[in-house]
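Here's the structure we're looking at; comments come further down.
The values are calculated or read from the model by the stated rules, or taken from the named source; none is laboratory data. Note that the structure is predicted; figures quoted are calculated from it, not measured. All Cβ positions, even for glycine, are placed from backbone atoms using ideal geometry, and neighbour counts span all protein chains on display.
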Amino acid sequence: MWKTIVYVAVGSAIGGVGRFLLQQFIQRRVDSTFPYGTLYVNLIGCFIIGLVVGLADKGNVLSPQGRIFLAAGFCGGFTTFSSFISENRSMLQGGELLNTFIYISVSVVAGLIATTLGILLIKNL
């Protein structure tokens, strides 16, 4: 179990630093308040997790430790949006249309509400 935690921790650290650097790099090159850096990072993360899932599905191409390092670690640190999209894709592939719609809707709406509540709680302390 400790080995797995180390794979996730190291991958997360690399992914998190990569996200920060790439996001800043992109955002500094556009003259806009639109979050292009975050958008690009999220899309790149989705592409990378697609590669990881594809490699894992091929069989002997990616070890279980490699998948954990890349998917849970690197992609998890780079962007949780990639995991969110991968989970939704899996549900769609399994024919779970209603669950996919519920997951997307609740995640976005409840996420906005939770963020707003957190901000309001701190402002009112």
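The figures follow:
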item	result
Number of the exception - LEU62 against (1) surrounded by 11 or more Cβ atoms within 10 Å (Cβ to Cβ); (2) outside any loop (DSSP other than H, G, I, E, B); (3) of a type outside the set (D, E, K, R)	(2)
Meets criteria (of a type in the set (Phe, Trp, Tyr) and loosely packed, with under 13 Cβ neighbours inside 10 Å) for PHE34	yes
Some residue of segment 17-28 being surrounded by 12 or more Cβ atoms within 10 Å (Cβ to Cβ), among the charged types (D, E, K, R) and at pLDDT 90 or above	yes
Qualifying residue in segment 109-124 (condition: of a type in the set (A, V, I, L, M), over 16 Å from the mean Cα position of the chain (by Cα), at pLDDT below 90 and not in a helix (DSSP H, G or I))	no
Unmet criterion (only one of (1) of a type in the set (A, V, I, L, M, F, W, C); (2) over 18 Å from GLU87 (Cβ atoms); (3) surrounded by 14 or more Cβ atoms within 10 Å (Cβ to Cβ)) for ILE49	(2)
Single condition PHE84 does not satisfy, out of (1) in contact with a helix residue (DSSP H, G or I) (Cβ under 6 Å, 6 or more places away or on another chain); (2) surrounded by 18 or more Cβ atoms within 10 Å (Cβ to Cβ); (3) in a helix (DSSP H, G or I); (4) among the hydrophobic types (A, V, I, L, M, F, W, C)	(1)
Boolean, PHE101 is in a helix (DSSP H, G or I), out of contact with any helix residue (DSSP H, G or I) (no Cβ under 7 Å at 6 or more places or on another chain) and surrounded by 10 or more Cβ atoms within 10 Å (Cβ to Cβ)	yes
The one condition in (1) free of Cβ contacts under 8 Å to residues at least 24 places away in the same chain; (2) over 23 Å from THR4 (Cα atoms); (3) in a helix (DSSP H, G or I); (4) not β-branched (Val, Ile, Thr) that ALA56 fails to fulfil	(2)
Condition check for ARG67: more than 14 Å from the chain's Cα centre (by Cα) and under 26 Å from TRP2 (Cα atoms)	yes
